[in-house]
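Visitor: Sending over a structure as structure tokens; questions will come in a sec.
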Amino acid sequence: MKPVIETHALCKGYHGRPVVDHLNLTVPEGCVYGFLGPNGAGKSTTMKMLLGLVHPTGGSVELLGRTLSEANRIALLRQTGSLIESPSGYLHLTARENLSIVADLKDVDRKDISRVLEIVHLTKDADRKVGQYSLGMKQRLGIAMALLGSPKLLILDEPTNGLDPAGIQEMRSLIASMPQTTGATVLISSHLLGEIEQMVDQVGILNHGRLLFEGSLQQLQKHSRGGILLRVLDAPKAAAVLQQQGVKAAVPADQPDTLQLPPLPDEALAALVCTLAESGVGVVGLTAQTKSLEDIFLSLTQTSGEVA
């Protein structure tokens, strides 16, 4: 089964400055793919190249198993829905009227409007003027427009931007269910991992136009192993024993009975605890620290001495 999106050494530069730099992106079918990176990382430029709105200066794009070109762009984009930046719409018209206009532009049967309204939970507000909508409702209307015609691929650029916590939670639930409710693969961008980690199962992290990580959310979480806190009865003696084993331990100023160890494999940690016991040092407790996904994201995007 071919990926829904593949890019091959995709590049885009402006005035000699690379914005997207030899990007090799792979988005599997049937997933919600989180495209992450700080503001200015190149996410929006990449999405615009995927939609043929911006021409690359190098490399190529494959959508739905076919190379994107001027000759087949319109045909491929008929199978692709998108919401780039803020949703557009006529504020003086109702949601249903806005969707009717978009359906006609897409040459989609207006009968599809009821289906997309139900998916984004706007059926009961379909005949209200869009000017009366909250930002979250406008975002959902934008997604409904993108879903007209049952696209196989949905590209969403920062859809949680500006939403309050309730709106973010609502958007999470909506997008996470998209592959099941619509059959569409979803590519969603954000500069905040915490806002979308509950809705994605694949992740790509971009910084300065380069892909730093690509894989499943579970693979990213494997990077979360942090240090170890070891509570002992005799911290100085324990530190000396560990030093003999080649393990450097620090004693936190506010926890004189605790040693802070670097990340260690389980087998190595078990062996150290046995060594401490054999040396007459009692181990009272052990806590394995973990990095948050936000910490992992920040550590990956701190490249070349620059903090993203």
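Visitor: Can you give me the number of residues within segment 30-57 that are at positive phi and surrounded by fewer than 22 Cβ atoms within 10 Å (Cβ to Cβ)?
Guide: Number of matching residues: 3.
Visitor: Quickly run through segment 170-191 and pick out the residues that are out of contact with any strand residue (DSSP E or B) (no Cβ under 8 Å at 6 or more places or on another chain), within 26 Å of N39 (Cα to Cα) and of a type outside the set (D, E, K, R).
Guide: Initially, segment 170-191 is screened for residues out of contact with any strand residue (DSSP E or B) (no Cβ under 8 Å at 6 or more places or on another chain), giving 170-174, 177, 180-181, 183.
In the following step, the residues that additionally are within 26 Å of N39 (Cα to Cα) were identified as 170-174.
Across segment 170-191, the qualifying residues are M171, S173, L174.
Visitor: Pick out the one residue from L50, L77, L105 that is at pLDDT below 95 and under 26 Å from L211 (Cβ atoms).
Guide: Numbers: L50 fails: at pLDDT below 95; L105 fails: under 26 Å from L211 (Cβ atoms).
After ruling out the rest, the residue left standing is L77.
Visitor: Among the residues of segment 232-267, write down those that are farther than 18 Å from V284 by Cα and within 37 Å of the chain's Cα centre (by Cα). Steps first, answer last, please.
Guide: As a first pass, look at segment 232-267 and keep what is farther than 18 Å from V284 by Cα: 243-248, 253, 262-265, 267.
Within segment 232-267, V247, K248, P262, P263, L264, P265, E267 meet the criteria.
Visitor: Could you list all residues from segment 136-157 that are under 20 Å from the mean Cα position of the chain (by Cα) and either over 18 Å from S177 (Cβ atoms) or surrounded by fewer than 21 Cβ atoms within 10 Å (Cβ to Cβ) (or both)?
Guide: Within segment 136-157, the first condition is being under 20 Å from the mean Cα position of the chain (by Cα), and the residues that meet it are 136, 139-140, 142-143, 146, 152-157.
Across segment 136-157, the qualifying residues are G136, K152, D157.
Visitor: Another question, then. List the helices (runs of 4 or more DSSP H) that sit entirely inside segment 153-217 and contain at least 2 residues that are assigned by TED's automatic domain parsing to the domain that holds S44 and under 24 Å from N24 (Cα atoms). Let's see the steps before the verdict.
Guide: Working: elements: 165-176, 178-182, 193-196.
Qualifying helices (runs of 4 or more DSSP H): 193-196.
Visitor: Here's something else I'd like to know. Here is a list of conditions, (1) farther than 30 Å from L187 by Cβ; (2) of a type outside the set (S, T, N, Q); (3) at pLDDT below 80, and L272 meets all of them except one; can you say which number that is?
Guide: Checking L272 against (1) farther than 30 Å from L187 by Cβ; (2) of a type outside the set (S, T, N, Q); (3) at pLDDT below 80, the one that fails is (3).
Visitor: Related question: What single numbered condition from (1) modelled with pLDDT of 95 or more; (2) more than 22 Å from C31 (Cβ to Cβ); (3) part of a helix (DSSP H, G or I) fails to hold for D127?
Guide: Going through the list (1) modelled with pLDDT of 95 or more; (2) more than 22 Å from C31 (Cβ to Cβ); (3) part of a helix (DSSP H, G or I), D127 breaks only (3).
Visitor: What are the residue pairs meeting all of these: first residue in segment 283-308, first residue outside the structural domain of K43 (by TED's automatic domain parsing) and in a loop (DSSP other than H, G, I, E, B), second residue β-branched (V, I, T) and modelled with pLDDT under 75, Cβ atoms under 6 Å, and 6 or more apart or on different chains?
Guide: A308/T301
Visitor: When the residues of segment 58-84 are filtered to those that are of a type outside the set (S, T, Y) and within 24 Å of A126 (Cβ to Cβ), which remaining residue is surrounded by the most Cβ atoms within 10 Å (Cβ to Cβ)?
Guide: Residues of segment 58-84 that are of a type outside the set (S, T, Y), as a first pass: 58-59, 61-66, 68, 70-79, 81, 83-84.
Next, from what is left, pick out any that are within 24 Å of A126 (Cβ to Cβ): 81, 83-84.
On the way: G81: 26, L83: 23, I84: 18.
It comes out as G81.
Visitor: Quick one: which residue in G52, G40, G16 is of a type outside the set (K, R), under 19 Å from L206 (Cα atoms) and free of Cβ contacts under 8 Å to residues at least 60 places away in the same chain? Explain how you work it out, then say what you get.
Guide: Values: G52 fails: under 19 Å from L206 (Cα atoms); G16 fails: under 19 Å from L206 (Cα atoms).
Of the residues listed, the single one that is of a type outside the set (K, R), under 19 Å from L206 (Cα atoms) and free of Cβ contacts under 8 Å to residues at least 60 places away in the same chain is G40.
The values are calculated or read from the model by the stated rules, or taken from the named source; none is laboratory data. All values reported here derive from a predicted model rather than from experimental measurement. Quick reminder, even Gly has a Cβ in these numbers, built from the backbone with ideal geometry, and neighbours come from all protein chains shown.
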